[in-house]
1. Could you tell me the distance between the Cα centroids of the range C:138-156 and the range C:414-488, to the nearest Å?
2. Strictly over 30 Å apart at the Cα level, which of C:K255/C:K372; C:K225/C:K362; C:K362/C:K399; C:K372/C:K399; C:K255/C:K404 would you flag in this model?
3. Distance in nm between label sites at B:I6 and C:S300, each 7 Å beyond Cα in the beta-carbon direction?
4. About the Cα centre, and with charges only on the beta carbon of Lys, Arg (+1) and Asp, Glu (-1), how big is the dipole of the protein assembly as shown? Nearest 20 debye, please.
5. Arrange B:I33, C:I265 by Cβ neighbour counts within 10 Å, fewest through most, would you?
6. In what order do B:C98, C:C123 fall by count of nearby beta-carbon atoms within 10 Å, going from fewest to most?
7. Decide, for chain C, between rounded, prolate and oblate: order the square roots of the alpha carbon gyration tensor eigenvalues as a ≥ b ≥ c, take rounded if a/c falls under 1.5, and otherwise choose prolate if a/b is larger than b/c, else oblate.
8. Modelled label-to-label distance, B:V60 and C:V412, 7 Å Cα→beta-carbon offset: nm?
Amino acid sequence: MNAVPLSWYLTLSGVLFTLGAAGFLFRRNIITVFMSIELMLNAVNLSFISFSYAFRRVDGQIFTFFVMVVAAAEAAVGLAIILTVFKNRNTLNIDDLNSMKDEYQPAQPEEASETAPVSVP
Amino acid sequence: MLMDTILFYLFAALVLGGGILTITRRNAVHSAIFLILSLLGVAGLYLLQSAEFLFAVQIVLYVGGIMVLFLFVIMLVNLDQAAKEKQFNRQWTVALACAGLVGAEIFYFLAKGAGAFQLAKGTAEANTGMGNTERLADALFSQYLLPFEIASLLLLVAVVGSVVMAKKRI
Amino acid sequence: MYASLVPTSAEMIRFLPELILTVVATLFMVLDPLLGRQSRHVYGHFSILALLGAMAAAVYVYRDPGAAFSGMLMVDGFATFFRVVVIGVGILTVLPSYRYLDREDAETGEYHALLLFSIVGQCVMVTANELIMIFIGLEISSIASYVLAGYLRDDRRANEAALKYFLLGSFATAFFLYGVALIYGMTGSTNLATVRRAILGGSLGSAPIFIGVAAALMFVGLGFKVSGAPFQIWAPDVYQGAPTPVAAFLSAGPKAAAFAIFLRIFLTAFQPIGPGWEPLVWVSALASMTLGNFAALTQSNIKRLLAYSSIAHAGYVLVALAARSNVGTAAAMFYMAAYAFMNIGAFAVVSHLSGKGERYLKVEDFAGLGAKQPGTAALLSIFLLSLIGVPLTGGFFGKFYIFKAALDSHLVWLTVLGLLNSAVAAYYYLRILVMMYMREPGEAASRIQPLTPGLRAALVLPALGTLVLGIFPGWVLDFAGRSSVFVR
């Protein structure tokens, strides 16, 4: 029998989740932002495991297992996307990703051809 | 009993300390190292709650797989310049909301004490005398067979997606 | 204990549409190295065949509805309706993709494979009867969509779109999952029907406050996925940066599936606490409509304009959810089908007009389209009129049923404000119509290419769908009405 009550685990999980959410909102470096998401997912996993332990059942652990699989898939795709962004822009600051907001100004003809994609190899 | 409590506080300190440093360090490599620390703390908490299989998976998959991937990517991109730039957005309203949320959570649980969260009754599984991994496999391949198979599709999608992003020519 | 290990054949058949799509998508991976770059249209043809097969299978398996795989899936009318919608969206996405990928010189097997995988994910979402299954389906659909949004990976805008979509999508997923975790802790189950019984039966362990917290967290997660305000920030950038056929797909397929699970979760599991979450949905619906429509008024980029309009349309569907009735569910189902037709059609015209490298995307670029290509202009007019909600189009009946359901549930203020919003929306759609018919042809209209067969089908089919739903809405609505009963 565990001496630590379920509520402590849940508090820890809640605080960790909020930390992750705060990191997501405040940080400007894309990689750190992504790491904050990992913190949030771990908080969720901790909750699942704690419930599972309190219920004396394994299905919560199975959910954790699936969340980990999803986290791995997300990490692979997300880091690939981050690398292509870095290749094209040479920056990983979130504030520099604003090439689309300012299109309300009447466009010059040069600008149109400049923003055209260069998908030719 | 006492040992459990001490270990809980130790791991909890690891989790929270690692988490706070992850989101506050300037250098992304340091952030990643502290995230690993935090993930190890979570793994320890799994062990405390007799989820041995998940403890192993957490270390092998998260620390050994995902975090190494992170470190690779951090090394691939040049972040010296990024560390000198401003690190935080000035969103004080959101900051206050987050701090308030953490405060409310802690206050709620402290006020209600250890019994703040009561479980639904009568849901415990019969003790079959099997080990953790055995029971997990049993459930995974009977009741949760379909999600298990579909999860492999998810991994396939991730592989194809990464290849599309990294391929020489579209 | 091991009797349930092997699924029965009836269970496998209920999973047939997903199996067909998965097999064909996996086949593309094998075909890719074997086929040269000459035979690149093969993928499109195969995709369409697979999607048609899957759609037939989805209709066929409805003859024997029921649960499958230990209650993980539930094939019922609701699931069948949305399966057909998301598969149909897939077909309507592949058709304009032929021309688009030719033009950008970017046809690969992976594009079509990812599209099919994404649809498999959405099919799993809409059939799932269990929160973990919903979550995995949602992730398959999302991860494939992230990559599709950034498919032209040398394009800066597409990169940015993919990254924003990915970061905010994962953030939303975490919220959704935390909600799932709390639900599991409170009820000991993730099966929607069991959760509902636990909430109703009062066998909840803890204070009801946690159910409220869980519902709110899931609302945040799903709000992101359906781009409802205040979680809509990603939508304009993603739709603008993504390749146009993909933007069309994102605005119809994943959104329809997200609404399907939104309805299923909130009207099954959380139905007993309906009065608690109704104000949340009410506010979000109003905010989405107002914000979407007023922001669309000032847009000059057509894809951005359609993105804001898509946010506003999400608001209309949220009105149907706020009604919390079977009539409301049926109205939401009808609306998603009508919206898929008209929005994909409009995006297909944009894709056709924009030219190589998506150069012409201003509203002014539509000038003189009516004179240069009367057929295309006429079809676009149908889509725009339907988006406004003019009678004889699917959009009209969609809005009509939604506001009727809202009135039945005594949401008078929401109805009034929604109708006012529709009037505002008419302005920016009419602006495009005026531009097409009353201005001299500009550079874009003069350089427009003739329609290819694929594009022609991509324009005519949605137009037919829009008109059929507008003139004979009866049987679709009947079916939706019969399928809108979740709890048996």
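No lab work stands behind these numbers, since they all come straight from the coordinates. In this text, all values refer to a predicted model and were calculated from it rather than measured experimentally. Every residue, glycine as well, gets a Cβ built from its backbone with ideal geometry; the counts of neighbours run over all protein chains shown.
1. 26 Å
2. C:K255/C:K372; C:K372/C:K399, as the Cα separations exceed 30 Å there.
3. Modelled inter-label distance: 7.0 nm.
4. Around 720 debye, computed over the protein assembly as shown.
5. B:I33, C:I265
6. Lowest count first: B:C98, C:C123.
7. oblate
8. 6.5 nm
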